[in-house]
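Taken together, the values in this text are just the output of simple stated rules run on the coordinates, not laboratory data. Since the structure is predicted, the reported quantities are computational estimates derived from the model, not experimental observations. All Cβ positions, even for glycine, are placed from backbone atoms using ideal geometry, and neighbour counts span all protein chains on display.
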Amino acid sequence: MSNLLKRKSRKHQLKRPPFGLLLVVLAWSLSMGWLLALASNAQGVTPVAEIGTVDVVPAQYQLGQELYLENCATCHIGLPPAVLPTQTWRNLLQDSQHYGVQLKPLVDPPRILVWRYLQTFSRSQRQDEDTPYRVNNSRYFKALHPGIKLPRPTQVSSCVGCHPSASDFNFRRLSPEWN
């Protein structure tokens, strides 16, 4: 009879959930998560407010962004792709006449990489909307700057007045008067 009681108590013990083990695993997981968060902050992960571009660019588009900045931002400030619609960027990439200046057109494969970057991060164009070729005619640009008196004519170089780090492709940092 005592053997029968021992077997029943063993079965009963095995059926109980191991709460102690669950607590240990939970505590270990929380502590590891906390330590990993501390380690990633200690390694100098850039805070979101200091990311230079408007959008975080995934690795598959970073080369396209670098080529865009290398080819476009050497003559003027590189604009975030979302400021102009996809159709504008397509036309700019296909046309060697760039606002009155003859440019050597980009050739494949760099052109394809730049196009994928611009296409991914630019905005769509409404059916009833004309394709803007100037920043001040862009619906999206106007939406980002409501109530702001922009100089006439609005030029890409005038971005630096409010965005002092625009030449570094950082449009998040604003001048003190706009913070």
A correct fewest-to-most ranking of Asp168, Asp108 by other Cβ atoms within 10 Å would be Asp108, Asp168
What's the FRET efficiency of Asn170 with Phe19 using the Cβ-Cβ distance as r and R₀ = 35 Å, to the nearest 0.05? 0.10
For Arg123, enumerate residues with amide H under 5 Å from its amide H, sequence gap 5+ or separate chain, H modeled in the peptide plane. Leu84, Thr86
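Cut-off is 10 Å between beta-carbons; in what order do Ser29, Ser165 appear when sorted fewest neighbours first?
Details: Ser29 10, Ser165 15.
Arranged by neighbour count, lowest to highest, Ser29, Ser165 become Ser29, Ser165.
Taking the beta-carbon count within 10 Å as an exposure proxy, list Leu67, Leu84, Leu22 from fewest neighbours to most. The partial results should precede the final answer.
On the way: Leu67 19, Leu84 26, Leu22 10.
In order of increasing Cβ crowding within 10 Å: Leu22, Leu67, Leu84.
Viscosity 0.890 mPa s, temperature 25 °C: Stokes-Einstein D of the range 58-178 from its Kirkwood Cα radius, in µm² per second?
Details: Rh = 15.2 Å.
Value of D from the Cα-based Kirkwood radius: 161 µm²/s.
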